[in-house]
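The values are calculated or read from the model by the stated rules, or taken from the named source; none is laboratory data. All figures in this text were calculated on a predicted structure; none of them were measured in a lab. Cβ placement follows ideal geometry from the backbone for every residue including glycine, while neighbour counts extend to all protein chains displayed.
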């Protein structure tokens, strides 16, 4: 394997590197992940993880800084990784986390003294309560990224744990010079509702009747019509955002009345 060349090693800022080169650097960085993963099982003193629970899902990212912080704190279950006696964790959030919440999670660790685990945990609040994604906040603060990188005891035994993976999280990994434990951002379409349905169909995996690639009200109407043509007894349908989490954007459509309609009345009824 050739020595990894990061943008900084080439004397360039990340902003000066185009997408092709960013992914080339990222691919080389990801090739180190198996070695990093194996080192986590050896109880080494300089192993670490960096948690950046950034919610960066287009059109469903919460607009409230308070909701954003709550979503970031949903990943606090990762503190249970500190049951590994030498693992160090750097946990980044938009705003400070209440110490009582941290104490609660550390109290769940089996066979570990909470104060010992707390000594191996470094909390890094960005100090930005806006609704912008955490990864965007970090990338806008290169000094803070350098500070986080300096907290990593050994980059060859560390990796980034994100919430979801987009080019933003890729750039955070590049800035920290550690691999990312997550799917390649170039495959993110496969994780969407439409992408999943297409993949299921291609692989012959059974899934609920549905429709994809819907962008307008007319598309929705046509989608429901197609679903009822395949399953006339259908009484309910759920409209979902293609890229959504936690039920955000879901809407229930009651189709029960359509069962009592005669064919000439259906077109108008669908639109209602």
Scan segment 203-216 for residues that are touching a helix residue (DSSP H, G or I) at 6+ places or on another chain (Cβ under 9 Å) and surrounded by fewer than 10 Cβ atoms within 10 Å (Cβ to Cβ) and report the count.
1
I'm trying to understand the selection: among the residues of segment 14-30, which are under 19 Å from the mean Cα position of the chain (by Cα) and loosely packed, with under 15 Cβ neighbours inside 10 Å?
27
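Residues checked against (1) part of a helix (DSSP H, G or I); (2) surrounded by 22 or more Cβ atoms within 10 Å (Cβ to Cβ):
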residue: 147; (1), (2): yes, no
residue: 150; (1), (2): yes, no
residue: 161; (1), (2): no, no
residue: 173; (1), (2): yes, yes
residue: 182; (1), (2): no, no
residue: 189; (1), (2): yes, no
Selected residue (only one of 49, 36 is in contact with a helix residue (DSSP H, G or I) (Cβ under 8 Å, 6 or more places away or on another chain), at pLDDT below 95 and surrounded by 18 or more Cβ atoms within 10 Å (Cβ to Cβ))
36
Just checking, does segment 31-39 include any residue being under 26 Å from residue 167 (Cα atoms), over 19 Å from the mean Cα position of the chain (by Cα), assigned by TED's automatic domain parsing to the domain that holds residue 154 and not in a helix (DSSP H, G or I)?
yes
So in segment 238-272, with the set limited to residues that are within 17 Å of residue 197 (Cβ to Cβ) and in contact with a helix residue (DSSP H, G or I) (Cβ under 6 Å, 6 or more places away or on another chain), which one is modelled with the highest pLDDT?
240
Take segment 101-131 and flag every residue that is in a loop (DSSP other than H, G, I, E, B) and in contact with a helix residue (DSSP H, G or I) (Cβ under 8 Å, 6 or more places away or on another chain).
107, 108, 109, 110, 111, 112, 120, 126, 128, 129, 130, 131
Can you confirm whether residue 143 is surrounded by 15 or more Cβ atoms within 10 Å (Cβ to Cβ), over 14 Å from the mean Cα position of the chain (by Cα), in the same structural domain as residue 28 (by TED's automatic domain parsing) and part of a helix (DSSP H, G or I)?
no
Can you tell me which of (1) in a loop (DSSP other than H, G, I, E, B); (2) in contact with a strand residue (DSSP E or B) (Cβ under 6 Å, 6 or more places away or on another chain) is the one residue 165 doesn't meet?
(2)
Answer yes or no as to whether residue 229 is over 22 Å from the mean Cα position of the chain (by Cα) and crowded, with 16+ Cβ neighbours inside 10 Å.
no
